[in-house]
Amino acid sequence: MTVPPGDPADAPLRLSATTGCPDTWPVFDRLWRDHGPVAPVELEPGVHAWLVMGYEELKTVTGTPRLYSRDGRDWRAFQDGTVPPGSPLGPMMFFRDDVVGHDGDEHRRLRRPIEDAIAAVDHRRLRRTVEYLCRGLIGAFAERGAADLVAEYAEAVPLLALGDLIGFDPRQSRELLTAMRALSGSGSGEDAHEGDRRLEALLSRLLAARREEPADDIASLLLAHPGLRTAAEALRSIVVLMSAGNHTTMSWIAQTLGLMLTDPRFAGRVRGGRLGIDDALDEVLAVAPPMINMPARYALRDTELGGRAIARGDALILGLAAVAHDVRAHAGSQFWQRGNRAHLAWSAGPHACPARDPARTIARTAVATVLHALRGVRLAIDPADLEYEPSPWTRCPARLPVTFTHADPGGTHGRRSGTRA
Ligand code: HEM
């Protein structure tokens, strides 16, 4: 990548410094002040990239696949071996032969079945299933008067809900949890590769069962979809759904609960009815989106972006949180505090998240259910001691230990959701 020499403001910041800090707001403010809309960052020692923080620049990068590719094989640091094959960056940045890794016609062919599967989700049934799952999780710690709302709640809800939609029973969904933890990118490179392998093995078994006997679930829908050529493509599509949906939705739930527990103004507005649950969820998407920094696009030729000279093969990271600091696009932080949905937490362009509706149903139900079920909830540690999972990409509280005075998990009447009405 090209960085003008001799300018101290251009000394690249380690990307993980934007996610591991106690407060991201001053860090992104500073990056913006020092560099403008496109900042040089370091991913690993000696591995550089551009963090795209400007609203218009992000729209350009995500909306111009002929110039900014999603295919990790176009990354110069991959081509010349600067990044070794076992790098922890691999699972998020190397080429994957699925909807995420392709552009153009091949991307459209692989995305269509995923969109069809998501369009077939019955949201009333999904809400009932998630409510049932949430009540079960709350019931498990209700007597204790204390819980970790990450490990015992936020981490489990999306996985169990997605597992149900895909076709797993609750016991099988729980088996996926360990694999997904490793895959989430917070572990070492080896952990991530091992998680990937175990996840694919579990899913292969499900697909074999559904080939024998189709059911009303995403696995069966994808197997039968005319757009997919092989069972391996159906498997890879399900892996993407699980890996793209699990950690993001967990972060969304955990960040919303975290803000409610640590920010009295935020909690007061939700409890006082001035901020609906959806507005609260949107505020989190704007100021603390699940994907703080989304990898990646790769420049297909030398070009210019936000006043920077971008070289062919450079990696560009989507600054989905940093964009909230673009004062050219809005009037500052207050802009985000009115349920505004003009954020880029779902990204933009052909690869933008196709699953915002089911993600919202899961997150909204999880937040609403725990809010109704627990009384007198308090964070059991000093908010200043909250720690975040180590990852350059996401910023999820590592744990949310709480105490509560009363828990009413309510009825346990739920049913499997499936994908169709
Ligand atoms: C039910 C839960 C979810 C599922 C099944 C899901 C699924 C997906 C899939 C399949 C993709 C790849 C699309 C493509 O490359 O064409 C994707 C991308 C993405 N999703 Fe989601 N997702 C979920 C939840 C979320 C949440 C909660 C967020 C954050 C608010 C999120 C943010 C993103 C982003 C930023 C991308 C990447 C877009 C890009 O590369 O430009 N997703 N998601």
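If we keep just the residues of region 281-304 that are assigned to a strand (DSSP E or B) and away from the ligand (no atom under 16 Å from the Cβ), which is surrounded by the most Cβ atoms within 10 Å (Cβ to Cβ)? Selected residue: 303. Here the condition is being open to solvent by less than 50 Å² (accessible area, probe 1.4 Å), part of a helix (DSSP H, G or I), in contact (Cβ under 8 Å) with a residue 12 or more places away in the chain and under 22 Å from residue 296 (Cβ atoms); of 118, 114, it holds for 114 alone. Scanning region 41-70 for residues that are surrounded by 23 or more Cβ atoms within 10 Å (Cβ to Cβ) and away from the ligand (no atom under 16 Å from the Cβ) yields a total of 2.
Residues that are more than 14 Å from the ligand (Cβ to nearest atom) and touching a residue at least 24 places away in the same chain (Cβ under 8 Å) do not occur anywhere in region 240-253.
Can you tell me which of 326, 263, 278 is more than 19 Å from residue 358 (Cβ to Cβ) and open to solvent by 10 Å² or more (accessible area, probe 1.4 Å)? Just one listed residue meets the conditions, 263. Can you tell me which residues in region 210-239 are more than 16 Å from the ligand (Cβ to nearest atom), not in a helix (DSSP H, G or I) and not aliphatic (A, V, I, L, M)? Those that are more than 16 Å from the ligand (Cβ to nearest atom), not in a helix (DSSP H, G or I) and not aliphatic (A, V, I, L, M): 213, 214, 216, 226, 229, 230. Annotation note: of 394, 365, the sole residue that is assigned by TED's automatic domain parsing to the domain that holds residue 241 and modelled with pLDDT of 95 or more is 365.
The values are calculated or read from the model by the stated rules, or taken from the named source; none is laboratory data. In this text, all values refer to a predicted model and were calculated from it rather than measured experimentally. Positions of Cβ are backbone-derived with ideal geometry, glycine not excepted, and every protein chain shown enters the neighbour counts. Areas reflect the complete protein model, heavy atoms only, side chains present, ligands, DNA and RNA absent. Shrake-Rupley method; radii C 1.70, N 1.55, O 1.52, S 1.80 Å.
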